[in-house]
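Where a number appears in this text, it was derived from the coordinates with a stated rule and is not lab data. Everything numeric in this text was worked out from a predicted model, so none of it was measured. Don't worry about glycine lacking a Cβ; one is built from the backbone with ideal geometry, like all the others, and counts go over all protein chains shown.
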Amino acid sequence: MITSLTKAALGGTALLAVLAGCTSKDGGSDAVAITATDTSCDVATTDLSSGSTTFEVTNKGGDVTEVYVYAEGDRIMGEVENIGPGTSRTFTVDLGGGTYEVACKPGQTGDGIRTAITVSGTATTMASPDRTVSFEAFDHGYTGLDGLTAKAGETIQFAMTNTATGEQHEFEVLEPDGTALGEIGPTDPGKTGTVVVTFDQPGTYTFVCGISDHEAMGMKGEFTVTSA
């Protein structure tokens with residue numbers, strides 16, 4: 001038998017559950033929901049607090065997509081790739097105070113469908129590069145990266161100029177375990193893109209162009225980061 005006291009307790013429990021749901025970023029978890037389609041990029045919450053934020057991307061479009069978080073100048077703060085139709089993936093980004101853009105890229109090409117987000121709190125101070133490595137991307141390879149080495153603790157700005165006649169290219173740096181460390185996103189012919197990367201540990205790093213089959217066609221390589 002459910003007494004009046006039991007009913008009151010159940011009612012209070014239900015109210016707490018509703019309130020808890022209202023305080024989450026996407027109604028059910030601490031992740032910020034991103035709904036990607038072939039024509040839209042809907043971010044459930046566009047006002048965030050500084051710190052670590054997890055985004056959960058659901059692809060409701062008909063093509064494979066990827067999602068980036070860009071700072072000013074299209075500096076990549078975080079990304080997740082290869083999200084198939086009807087699937088979801090998550091990624092976590094550390095964001096300081098400022099304005100950013102979330103870009104959904106159906107077909108994993110182009111500048112993406114963008115949604116602005118605002119992060120309150122202290123702005124993040126980016127490390128100044130120790131040096132700049134300039135190179136070119138062409139169909140299908142890189143020139144200017146031969147003999148590249150770095151030291152653990154070193155911060156390098158990579159500047160890639162796309163000298164191809166009709167294709168976008170990109171440049172992604174991967175840590176020894178294959179984790180993405182930094183990337184110059186899809187860059188149009190005749191344009192230059194940059195990324196600043198800090199190498200925290202020694203080892204063998206790789207770089208690739210993740211567009212279409214460009215890696216398989218030769219746009220890849222390795223370099224060594226030595227102990228400081």
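Here the ratio of the Cα radius of gyration of the chain to 2.2 N^0.38 Å is 1.23.
Against the compact-protein benchmark of 2.2 N^0.38 Å, the Cα-based radius of gyration of the range 131-226 scales to 1.00. Most simply put, the range 27-120 has about 80% antiparallel DSSP beta bridges, counting only bridges with both residues inside it. Only DSSP H runs of four or more residues enter the estimate; each adds -39500 (n - 2.57), and after division by the residues of the chain the mean residue ellipticity at 222 nm equals -3000 deg cm²/dmol. Estimated from the Cβ-Cβ distance and a Förster radius of 35 angstrom, the FRET efficiency linking N82 and D200 is about 0.85. Ranked by the mean number of other Cβ atoms within 10 Å of their residues, highest first, the peptides 50-62, 81-93 come out as 50-62, 81-93. With angles folded into 0 to 90 degrees, how steeply does helix 4-23 sit against the dominant principal axis of the chain? Use alpha carbons for both and round to 10. Approximately 20 degrees, to the nearest 10. Note on S212 and A152: the model spin-label points, each 7 Å out from Cα along the C-beta direction, lie 4.0 nm apart.
For the pair T125 and T192, a Förster radius of 25 Å applied to the C-beta separation gives a FRET efficiency near 0.55, rounded to the nearest 0.05.
Have a look at the DSSP beta bridges in the chain and tell me what percent are antiparallel, nearest 5. In the chain, approximately 75 percent of DSSP beta bridges are antiparallel ones.
Taking the DSSP beta bridges with both ends in the range 131-226, the antiparallel portion is around 70 percent.
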